[in-house]
Amino acid sequence: MITLVQNKKTMKAIYQMALALFAAVLLSLPLFLNSCKKTITDRPITPVTPPICDTCLPEITSAGKGTFGCKVNGKNWLPEGGLLTPEVYASYGQSKILDFFAQNVNSVEKVVINIGGVSDTGYYSFPDSRFNICKAYYNKIKDGVGYLFYYQSDKIDNGFLHITHFEFSPTGFVSGTFAFDLYQNDFKDTIHITDGRFDIRF
């Protein structure tokens with residue numbers, strides 16, 4: 001009888017200890033879960049900047065951005081000015097001769113377009129019988145004197161100039177696209193100017 005009573009007391013003590021342990025686990029569980037949470041902090045998102053392409057042709061625009069570019073025999077060609085030398089230039093006057101060019105002072109190359117009689121936007125071919133002046137040139141200076149090569153569009157009817165914006169004023173500009181074949185004076189060599197675009201202020 002004494003042994004039975006002792007066993008009951010022992011079982012009761014074990015049961016109470018188990019309840020106390022279970023209660024302690026329940027009380028400590030929120031603290032444990034909170035300690036496992038990862039703190040999230042607000043971080044500024046760094047914008048992804050597209051890489052700058054120094055050899056890509058500029059976009060075709062009509063805003064007077066001062067851009068010019070084309071492909072010469074399939075290779076991108078871009079102007080580059082110097083300290084006192086503009087990379088692009090456009091002029092127009094009472095004679096209604098539109099003259100603009102782009103040059104690269106490092107490679108000493110230049111692309112020139114001359115059209116007389118222009119007064120509005122439009123599509124012009126090379127040469128164009130409507131105008132007494134309608135030519136394009138591509139040349140390279142040799143040692144500061146003469147030309148290493150000189151290509152022109154005269155007498156070859158294989159090219160165009162599309163003027164999409166024309167405004168001659170103190171804040172005006174001319175823009176458009178072009179493409180043409182140019183040849184040397186001896187007709188022994190021809191180059192292809194394609195994908196031309198310009199957006200130049202006067």
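FYI, it's all coordinate maths here, none of it is from the lab. Everything quoted here is computed from the prediction, not taken from an experiment. Note that each Cβ is placed from the backbone with ideal geometry, even for glycine, and that neighbours are counted across all protein chains shown.
Quick notes on this one:
- Cross-link pairs beyond the 26 Å C-alpha cut-off, checked among 96/142; 75/140; 71/96; 135/188; 71/140; 110/188: 96/142; 71/96
- Annotation for residue 75 and residue 130: the two label points, set 7 Å from Cα along the Cα-Cβ direction, are 3.6 nm apart.
- Neighbour-count order for 113, 60, fewest beta carbons within 10 angstrom listed first: 60, 113
- Estimated inter-spin distance, residue 195 and residue 160, nm [label 7 Å along Cα→Cβ]: 1.8 nm
- Shape call, the range 67-201: gyration tensor on alpha carbons, a/c limit 1.5: oblate
- Each part gets one Cα centre, and for the range 107-142 versus the range 62-104 those centres are 12 Å apart.
- Net lengthening on full extension, residue 121/residue 85 (0.36 nm per residue, minus Cα-Cα): 10.1 nm
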